[in-house]
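Here is the structure we will look at.
The values are calculated or read from the model by the stated rules, or taken from the named source; none is laboratory data. In this text the structure is predicted, and so the values were computed from the model without any measurement. Note that each Cβ is placed from the backbone with ideal geometry, even for glycine, and that neighbours are counted across all protein chains shown.
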Amino acid sequence: MSDLYIQTDLNDLPDARGYFGEFGGRFVPETIIPALDELEAAYNDAMADPVFHHELSHLQRTYTGRPTPVSYARRLSEALGGARIYLKREDLAHTGAHKINNALGQGLLAKRMGKRRIIAETGAGQHGVGTATAMALLGLECHVYMGTVDIRRQQPNVFRMRLLGAEVIPVESGSRTLKDAINEAMRDWVTNVETTFYLLGSALGPHPYPKMVRDFQSVIGAEAREQIQTLTGQLPDACIACVGGGSNAIGLFHAFRADENTELIGVEAGGHGIDSKQHAARFADLDISRPGILHGTRSYVMQNEDGQIMETHSVSAGLDYPSVGPEHAHLRQLERAYYTMATDDEALEAFQVLSKLEGIIPALESAHAIAEAIKRAPTMPQDSVLLVNLSGRGDKDLDTVIGLL
């Protein structure tokens, strides 16, 4: 791989205003606009600087452990029949998930801008751990907002963040999950905008965050596209990834956007099922999910008749979010990507199946993508290829799974 880990040349979206079609944009207090302009200018400057690319790619190779491999899931494929299943192993990246890709990229950008105080939000804790890790490496002050519900179900990651020197700030408002952690992080940023860099963890928020996070995560798809052709002699028939805010999925999908014969499949959190209304399947339940504005961007948002944000549910903290990144909304509208969902029970079953058949314990978020592969592979010819983004490892979820099983 070259130093150009950031893939920015596959399309010209977002536009200059930060829109992917009718989704995206900036819907924030006026006080934040200068900070967003500063961030966008600094990012564009960094993208034009070979020194920045070299520093990031050097850290990705020598610190993160990239490229992560693509593994053939032989026993799972044979058990299901049909398509051959391959896994993009982001669980093998340092810290155990894809989140480190974006954390390192934004961390280097913050240091380049002279920002010493970094704030972040986290749900499953992996973005918090990735940010705390990168800030320890770069010598920057780190504060992570996390809902108390997520703190309770992600204790190993809370301890890791504190061990790495980050301050974990509990959030008691609202549903006490990812949505509320983002709310509090944005309030902090508004108050301390001149001295603070907000290291947003998913491909959402006001422009330029959806583009910036996608670009830093595009290394996933760039590597996987080359690796899968080396292994199989062909492009995948389908790429599958779980979708909360959507950073791991857009990171995988981006390299395959122009490949019309490769289906792009995002898997949302079906929770207790659509009829229960206790889920986070934004595209699967259009009775309560429609275009709206949340956290500074226009996308699909789960809301009641009065436009109030609805509470969500998922067994996986990282998918427990009422909106989705604007580029995913655009891909769905174009019918370039297809979005489905897996319930808690299906994800738990996939969690166990992959563990027993492949010796790989996936994150509960990633287990949603595995659940879709389990459904889909038997319906496909044996010469077809499914590429699944295994976005993280499951150590962090063992307490949750032990309690449920």
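One table, with the values for the structure above:
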{"read-out": "Filter pass, residue 127 being in contact with a strand residue (DSSP E or B) (Cβ under 8 Å, 6 or more places away or on another chain) and either surrounded by fewer than 22 Cβ atoms within 10 Å (Cβ to Cβ) or part of a helix (DSSP H, G or I) (or both)", "value": "yes"}
{"read-out": "Flag for residue 308 being surrounded by fewer than 21 Cβ atoms within 10 Å (Cβ to Cβ) and either touching a residue at least 60 places away in the same chain (Cβ under 8 Å) or under 30 Å from residue 403 (Cβ atoms) (or both)", "value": "no"}
{"read-out": "Among the residues listed as 327, 263, the single one being at negative phi, buried (at least 24 other Cβ atoms within 10 Å of the Cβ), at pLDDT 95 or above and charged (D, E, K, R)", "value": "327"}
{"read-out": "Matching residues in the range 123-159 - criterion: being under 18 Å from residue 93 (Cα atoms) and of a type outside the set (A, V, I, L, M, F, W, C)", "value": "125, 126, 127, 128, 130, 131, 133, 156, 157"}
{"read-out": "Condition broken by residue 283, with the remaining ones in (1) of a type outside the set (Val, Ile, Thr); (2) crowded, with 22+ Cβ neighbours inside 10 Å; (3) under 20 Å from the mean Cα position of the chain (by Cα); (4) not in a helix (DSSP H, G or I) satisfied", "value": "(2)"}
{"read-out": "Residue count for the range 181-211, restricted to those that are surrounded by 24 or more Cβ atoms within 10 Å (Cβ to Cβ) and part of a helix (DSSP H, G or I)", "value": "5"}
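Here is a yes/no grid of residues against (1) in the same structural domain as residue 252 (by TED's automatic domain parsing); (2) touching a Ser or Thr at 6+ places or on another chain (Cβ under 9 Å); (3) farther than 20 Å from residue 181 by Cβ:
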{"position": "270", "(1), (2), (3)": "yes, yes, yes"}
{"position": "281", "(1), (2), (3)": "yes, yes, yes"}
{"position": "285", "(1), (2), (3)": "yes, no, yes"}
{"position": "289", "(1), (2), (3)": "yes, yes, yes"}
{"position": "297", "(1), (2), (3)": "yes, yes, no"}
{"position": "304", "(1), (2), (3)": "yes, no, yes"}
{"position": "308", "(1), (2), (3)": "yes, no, no"}
